[in-house]
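Beneath this line is the structure, given in structure tokens, with notes to follow.
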Amino acid sequence: MSEAPASTRRDFLKTSSAAGVAAASLTALSPGVYASGTDVLKIGLVGCGGRGTGAATNALNADPNIQLVAVADAFRDRAEQSLGRLKGQSSIKDRIKVDDDHIFDGLEGYKHVIDSSDVVLLATPPGFRPQHLRAAVEAGRHIFTEKPMATDPAGAQSVFESVEISKKKNFAMVAGFCWRYDYQKKALFERIHSGEIGDVRAVYGTYLTSPVKPMPAASTRPKGMSDLEWQVRNWYNFAWLSGDGLVEQAIHTVDWLAWTMQDKPPVSCTAVGGRQLPAEGGNIYDHVEVNYVWENDARGFMAQRQIPGCYNQNALYVMGTKGTGKLGRKTEICDLDGKSVWKYDGPRNNMYQTEHDEFFASIRSGKHINDGDRMASSTLMGIMGRLAGYTGREITWEMVMNSKMSLVPDASRGWDSPSEPPAMARPGFTKFI
């Protein structure tokens, strides 16, 4: 794709995080400090939308000795609204210790949250995730990070590097690929990986739904609002901020495909996609369908759509040499004749809460969970599929692992930074760099 040169992300990372990392690294935490289970863990929230507020709720419910001490959002009113919702929950309100001096806004507020916290919850639009992750791992923080972790190859490569830093420092990193913590789904994949359906030859996943955050008409844009602020306020509709519907939402389905293949990355993929409904100034597709190929010539297919009034489905079908596995309204294993031979009948759980329960338990025990490798791989796998759809090319894993493509603009001038996103992609014309 003809996007901003790779140096723009490096500039963004340099200007956005260098000072905060230098200060925070002076107070990096010892990974074993909390093994006793008696000390208070101070958590900070970066990104105060619905998912961030939910993550903070789950974190506070995961351990009685946790306090929320700092929050940051690009816009102060959203941070204050999030705090209001959190304080309205009787089970956690007494452990919200955020004073006015620890409500941060703007594009650099995340640095102050990192400075103030032992554990950081990252839930901003994913275009910002790579620099936030880097700052947090350099500072020596335990991290919960929402999916996806990047929106372009350069960002994903930065995430891989941050994961390595986190592992070397022995800090916990839990990813918002929440289905990995769902008991029902885990039981199915354990059976698939144990060989109950034989060798996996193909897997088909769907994420067919309505638009998440439709782009408002250009006429609703307040006078004097900068391009960058307009995009951040409508972040879902710009590829550099959200990654698009495949990378931001249907990445869960991509992660199912990766899970099926035991997190071995595909060799290549092709895809088709486009925009059926007007974008109102945004530049993301509203549907993409991807065909992934693995080394053993097994195939993975996924269909993503965000169009109202259409058939909706979120499911997975795994085809093996001895049978099939199904995930969706039914979670079961069937033989080759289609007869169900196993259905899940075990306990059900709240996967959002479970991932935080296990995250904080690992911090207390000193046996830290680190989901970093698989979260970075699934993220890049989604980016790979989007690029195949947007360019019309076959995209290989080697290409995206070595690409310097960066979508993120240089925001060193704050809200007044120039930020003109590229036009919507045209397969056969849009370049991959």
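Summary of values
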item: Any chance Lys167 is assigned by TED's automatic domain parsing to the domain that holds Arg51, closer than 24 Å to Ala361 by Cβ and within 21 Å of the chain's Cα centre (by Cα); result: yes
item: Condition met for Leu60 (closer than 16 Å to Phe144 by Cβ and either assigned to a helix (DSSP H, G or I) or at pLDDT 95 or above (or both)); result: yes
item: Cβ-Cβ under 8 Å pairs, at least 6 apart or on other chains, the range 234-246 side part of a loop (DSSP other than H, G, I, E, B), far side among the aliphatic types (A, V, I, L, M); result: Asn234/Met215; Phe238/Ile284; Gly243/Ala150; Gly243/Ile251; Gly243/Ile383; Asp244/Ile284; Asp244/Val288
item: Leading residue by the ranking (farthest from Val247 (Cα to Cα)) among those in the range 110-128 that are in contact with a Lys or Arg (Cβ under 9 Å, 6 or more places away or on another chain) and in a helix (DSSP H, G or I); result: Ser116
item: Residue check, Ser268 buried (at least 24 other Cβ atoms within 10 Å of the Cβ) and among the hydroxyl-bearing types (Ser, Thr, Tyr); result: no
item: Subset of the range 198-226 [part of a helix (DSSP H, G or I) and under 20 Å from Tyr285 (Cα atoms)]; result: Ala218
item: Residue in the range 399-432 that is surrounded by the fewest Cβ atoms within 10 Å (Cβ to Cβ), counting only those that are over 20 Å from Asp105 (Cα atoms) and touching an Asp or Glu at 6+ places or on another chain (Cβ under 7 Å); result: Glu420
item: Ile333 vs. criteria surrounded by 17 or more Cβ atoms within 10 Å (Cβ to Cβ), modelled with pLDDT of 95 or more and part of a helix (DSSP H, G or I); result: no
item: Residue in the range 359-398 that is surrounded by the fewest Cβ atoms within 10 Å (Cβ to Cβ), counting only those that are polar (S, T, N, Q) and not in a helix (DSSP H, G or I); result: Thr396
item: Where a residue in the range 165-176 is more than 14 Å from Met375 (Cβ to Cβ) and its partner, wherever it lies, is in a helix (DSSP H, G or I) and modelled with pLDDT under 95, with Cβ under 9 Å and at least six apart; result: none
item: Selection count, the range 191-232, where residues are β-branched (Val, Ile, Thr), within 30 Å of Leu336 (Cβ to Cβ) and over 28 Å from the mean Cα position of the chain (by Cα); result: 1
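Results for (1) in contact with a helix residue (DSSP H, G or I) (Cβ under 7 Å, 6 or more places away or on another chain); (2) hydroxyl-bearing (Ser, Thr, Tyr); (3) not in a helix (DSSP H, G or I), shown as yes or no for each residue.
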| residue | (1), (2), (3) |
| --- | --- |
| Arg85 | yes, no, no |
| Asp94 | no, no, no |
| Asp101 | no, no, no |
| Gln131 | yes, no, no |
| Val137 | yes, no, no |
| Phe144 | yes, no, yes |
| Pro148 | yes, no, yes |
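The values are calculated or read from the model by the stated rules, or taken from the named source; none is laboratory data. Treat the numbers as computed from the prediction; the structure is a model and nothing was measured. Neighbour counts run over all protein chains shown; Cβ positions are idealised from the backbone, glycine included.
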